[in-house]
Structure formats: C-alpha cells, structure tokens
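Remarks on the structure that follows.
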Amino acid sequence: MALSDFDLVLFGGSGDLAMRKLLPAMFSRDVCGDLPPTARIVCVGRQESTQEEFINMVTSTARPHIKSAKATDDNWNRFIARITYVALDATDVATYHGLVDALRNDAGVTRVYYLATPPALFSRICDNLKDKGLATANSRVVLEKPLGRDLASAKQINKEVGKVFEEHQIYRIDHYLGKETVQNLLALRFGNILFEPLWRREWISDVQITIAEKLGVGNRIGYYDTSGALRDMLQNHLLQLLCIVAMEPPTSTSPDAVRDSKLQVLRSLKRFTPTTLAQNIVRGQYRAGHVDGKAVPSYRDEPEAPQNSRTETFVAMKAEIDTWRWAGVPFYLRTGKRMADGLAEIVVRFKQIPHSIFNQPTSSFQPNSLVIRLQPDEGLRMNLMAKTPGEGMRLKPAELELDFRETFKAPRMDAYERLLLDVLRGQLTLFMRGDELEAAWEWVEPILTNWEQDDTAPLPYASGTWGPAAASALIGRDGLQWREEA
Ligand code: BG6
C-alpha cells in the first residue's frame, strides 16, 4: 500500500535515537522507494543551529549507522533534502513559530509527531501543539519509551496525551513488537493447525523468555540508574513477548482484536505478594568480569554511576497466568546486561512422553521443545527425538530448523523501519493501547514498591556470566534449567 504524503516531526530530533535508529530507518525506506517524493522530516531540537550545521551533524552521526549498500552519496543527498531543522524549547509555546512555518497546512498531508523525548515533556508538547492548532484530525503522535516509571505516571501520560489526541491517534512504541520473529510467532501460532491444540497446560510444561545483552549500561547511566532492568526491559519488552506467546487467538489482526487478547493476558498474570515475590524473583547487578575476552568494569564503576547504587541490571522471575489455558504452567522471564551472550529467545517446552515403547527409559527422552529465536539470528528450532541411523533402535534428540534469513531471501526490515511505516500507514496493531500499558504497570507495581522498601542490594554477578547463581536455583527448584545452562 503506497504511503500518502506526510510531515514527520521528530521531537528529540538531534538525539541518540534519531541518529542511531529513526533517521537511518527513514533512509532505508526512502531508498526502497516507499516515501512519497514530497514527504518531509522535521527534526526538532533545543540547540540553535543552522540548517547546514544540522545536516552536517546528521551526515557525520546518523549516516555511519546505515549498513546498506544503497547508502550512496546520491541517495543520501536526496534523503537529507527532505530534512528541515527547527530549534525550539519544547516547554515554551512562544518558541513554536518555526515549527508552524515548517509544516504544510494541507489536510491531505498526514502529520506524525514522534516524541523521542523524556516522558516528562509529553504533556507539555501535546498542549503546545494543540495551542498552536498543530494537533489536527489527520495528526498522529508516537510515544517513545519510557512510558512512565510506575502506574501513576503511566496513567498521567495517558490522561495528558489523551486530552489532545484520540486513542486511535496515539502510537505507544515497543520496538520488540517490530521485530520480525515476533510477528512470525503470530504466523506460527495462528497460521498453522499444528500448534494451537497443543498450546496449553495439558501439553506445555514451561516457557522461558530471555533477553540477554552483552552490553553494559554504556553512557546511559543517568537514565538507567533511575530505571533498572525491571522498568527498562521487563515491564515492556518481556511482557509484550509473553503476551504474544500466551494470548488467546484474536479474531483478526485488527488493532483492537490483538490488543484485547494481550490485555487479557496482562490482567490474568498472578499478582505477587511480598512472600511470593521473594521466592520467585531474583535481581542482580553486574560486577567486573570479562565479556568476549575483554575486561569490563563493575556497574558501580561505570562513569558517573553511584558507588552504592542498588539498581538492578538483571532480573529473573517465575510468573504464572491464572487462566484455564495456562494455570500451573511457569513462565520464566529473564533479562540482564553484561551477560555471557547476547540473545533473545522464547523456549516453549512440551511435556515428557507418557511411556516408552523402546528399550530405553522415558527419562532418556528429551521433551520436545520449540525455540523461537529473535536475536542474533532469526528462526525457529523444533527439538524432536529421532532414531540414530543404522542397526538397532536408539533414539536421540535431533533438530528441525527454520532459518528465516536462509528461507526467505527477502530484504530485512529493522524494527523501527517496520514500526515507522506502520505509523505512517495508520496501522495500530503493533502498538500498545493505553489500557494495556496501565495493566503492565499495574502488575509490576508491587515488585517496584517492595524493592523500594527493601534496602538489600541486588545480588552481584560477574560480567560475562548468566547472572547470579540464585537465578539458576530459581528454575532449578522446579527441576529445570535455563536453556543455555542445560
Ligand atoms: C531498550 C532498552 O528498550 O532495548 C535498552 O532501553 C536495551 O537498555 C535495548 O539495550 C535492547 O534492544 P535490542 O533491540 O538491542 O535487543
């Protein structure tokens, strides 16, 4: 479907996300011929700079993030001709005149305001856009994370933004939903007859969802130390993956059908109490160690990190979903920085066979599992038992593998590319609805409150490992192991 003409306004337009992800994503779509010839990008920032200075900055900062062979000078020059820089103070409506001038006053041109700013600015920006008559019926607003830091602040954001924009104009982004494999999980679950009958407590023994990073906190300590892994990764990315794995079949892929199903999962998550929380959640903080053979410092020794920080860089938990489909099936969630490997995957483990007809005990049968890999490679792996070739009947684990890159040679789209295209098309399915956001915070809130009141520090773990030993003990208690440790 061809895109209609648009003005894309990036608040935070000279910031890190714009340079690393948003502008490179728009460039990729441009060279693929997706952008209408007259579509424009207005980058908004605080800093006074001329158009020429800004374009030079974009060329030196954003262009190196583009890996495509199509990043030729001609293509680049054509792309940057779409960009206009506007300096303003987002909190001061008197400074918005440059933005008014930069936008086309044409009902046929879609306006997208992408707020890649701290959430404290969302409400002021929306008010100021309204004040200036810039929040029109054909406008959309994209909210970048963090979408609050607890339930109250998330509600506040929904309320304030909702005063200016209708729910169908609001795109709450979670870039994990733009990843190819996440959408493939929908295809797997609802495009095949094979899985759905087995996708329930009778046949599935447990589910593991891991997002592990080798990276440390980098230069984001100011944000990260007030956030931590629970807010930064679990409340959003991990819970969204959990929703896609666990949701009931939506009636279609329409935004509300999918979001209703996800909401039901969030609302069915078993609430933690202070006692169950202590038993089922492990938090950790990285210490010095080695990642890929390179010595890396402790979290507390990262530049500008507070020496006594109690911020967690690792969380592992056992969650449960109180529904007929999932009662009693543990969902183990885990995320951490400075881990042994960088990967994101979902492992669905099926139950053990009930009886062995072969001359080997049931315990020698590895239960079937389905590994859905998001990163670094994208694919599916089904673990089965198969006969080893030759005489006799010996069964051994074997794998069926579907590598998305190998199978579909089509060009890939980065998550931001995909999601930006969806915003420009007005396609809301892969964005969170306001009630979904609140339900996720509501579930996380008792954990946050408990940790705030508890003055014990997160458990230390050496960089380059899979986190504190207590995380292995958490799953070990149920007679299981994390996949990488098995
Ligand atoms: C972001 C977090 O949302 O996701 C970062 O703020 C994290 O801390 C990043 O590094 C991970 O995303 P990806 O796509 O690289 O796995």
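Just so you know, all these numbers are worked out from the coordinates, no wet-lab data involved. These figures come from a predicted structure and were not determined experimentally. Virtual Cβ from ideal backbone geometry, glycine too; neighbours counted across all protein chains shown.
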- According to the Kirkwood expression over distinct Cα-Cα pairs, how big is the hydrodynamic radius of the range 330-486, in Å? 20.0
- Angstrom value of the Kirkwood radius, inverse mean 1/r, which spans all Cα pairs in the range 6-144: 15.2
- 3J(HN,Hα) from dihedral phi, the range 148-163, Karplus parametrisation 6.51/-1.76/1.60, rounded to Hz, x for glycine, proline: x, 10, 6, 4, 4, 6, 5, 4, 4, 4, 4, 5, 5, 5, x, 6
- By what distance, in whole Å, do the Cα atoms of the chain stretch along each of the three principal axes, largest value first? 79, 51, 45
- Task: Please report, in Å, the Rg and the Dmax of the range 70-162, where both are computed over Cα atoms only.
- Result: 15.6, 49
- Task: Please report the relative contact order for the range 6-144, taking Cα pairs under 8 Å with a sequence separation of at least 6, and give it as a percent rounded to a whole number.
- Result: 33
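Can you sort VAL31, VAL112 so the residue with the fewest Cβ neighbours within 10 Å comes first? The partial results should precede the final answer.
Working: VAL31 19, VAL112 22.
Going from least to most buried by this count: VAL31, VAL112.
In which sequence would PHE11, PHE365, PHE54 go, from the one with the fewest C-beta neighbours within 10 Å to the one with the most?
Working: PHE11 26, PHE365 16, PHE54 21.
Fewest to most other Cβ atoms nearby, the residues stand as PHE365, PHE54, PHE11.
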- Message: Given bins 5 angstrom wide, list per bin the percent of all Cα-Cα distances in the range 283-339, short to long.
- Response: 4, 17, 18, 17, 13, 10, 7, 7, 6, 1
- Task: For TRP203 and GLU52, calculate 0.36 nm times their separation in residues minus their Cα-Cα distance, and state this gained length in nm to one decimal.
- Result: 48.2 nm
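Starting from the Cα-Cα distance between ARG124 and ASN219, subtract it from 0.36 nm times their residue separation and give me the gain in nm to one decimal.
Residue separation times 0.36 nm, minus the Cα-Cα distance, leaves 31.5 nm.
State the extension gain, in nm to one decimal, for the chain segment bounded by GLU304 and ASP89, taking 0.36 nm per residue of separation less the distance between their alpha-carbons.
Numbers: separation 215, 0.36 × 215 = 77.40 nm, distance 2.71 nm.
Length difference between fully extended and current span is 74.7 nm.
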- In the neighborhood of GLU180, defined by Cβ-to-Cβ distances under 10 Å, what is the net charge if each Lys or Arg adds +1 and each Asp or Glu adds -1? +2
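Please rank VAL58, VAL9, fewest neighbouring Cβ atoms within 10 Å first, as an exposure proxy. The partial results should precede the final answer.
Numbers: VAL58 23, VAL9 27.
The order, fewest Cβ neighbours first, is VAL58, VAL9.
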- Can you give the FRET efficiency for THR136 and SER364, using 1/(1 + (r/R0)^6), R0 = 60 Å, r = Cβ-Cβ distance, to the nearest 0.05? 0.35
- Message: Quick query: amide H of PHE350 versus all other amide H atoms, modeled in the peptide plane; which residues come in under 5 Å with a sequence gap of 5 or more or a different chain?
- Response: SER205, ASN368, SER369, LEU370
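So which trypsin sites (Lys or Arg not before Pro) in the range 316-385 pass both tests, a DSSP loop state and at most 16 other Cβ atoms within 10 Å of the Cβ? The partial results should precede the final answer.
Details: sites: LYS318, ARG325, ARG334, LYS337, ARG338, ARG349, LYS351, ARG373, ARG381; in loops: ARG325, LYS337, ARG338, LYS351.
For trypsin sites (Lys or Arg not before Pro) across the range 316-385 that sit outside H, G, I, E and B with at most 16 neighbouring Cβ atoms in 10 Å, the list reads ARG325, LYS351.
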- Note on the structure: Residue-ordered couplings for the range 214-229, obtained by feeding phi - 60° into the Karplus form 6.51 cos²θ - 1.76 cosθ + 1.60 and rounding to whole Hz (Gly and Pro as x), are 7, 5, x, 7, x, 9, 9, 4, x, 6, 5, 5, 9, 10, x, 4
- Here the alpha-carbon Rg of the range 188-248 over 2.2 N^0.38 Å rounds to 1.55
- Rounded to whole Hz and in sequence order, give me ³J(HN,Hα) for the range 54-66 from the Karplus expression 6.51 cos²θ - 1.76 cosθ + 1.60, θ = phi - 60°, writing x for Gly and Pro. 5, 4, 4, 5, 4, 5, 7, 9, 7, 4, x, 7, 8
- Got a sec? Charge dipole of the chain, +1 on Cβ for Lys and Arg, -1 for Asp and Glu; which of LEU421, TYR332, GLN307 is way out at the positive end? TYR332
- Task: Using a cut-off of under 13 Å, list every residue of the range 293-329 whose amide N is near the label point 7 Å from the Cα of THR276 along the Cα-to-beta-carbon line.
- Result: 318-323, 327-329
- Compute the separation of the alpha-carbon centres of the range 236-299 and the range 420-486 and state it in Å as a whole number. 4
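With the Cα gyration tensor of the range 433-486 in hand, give its eigenvalues times 5 under a square root as the equivalent ellipsoid semi-axes, listed largest first in whole angstrom.
Numbers: eigenvalues 148, 61, 27 Å².
Each semi-axis is √(5λ); the values are 27, 18, 12 Å.
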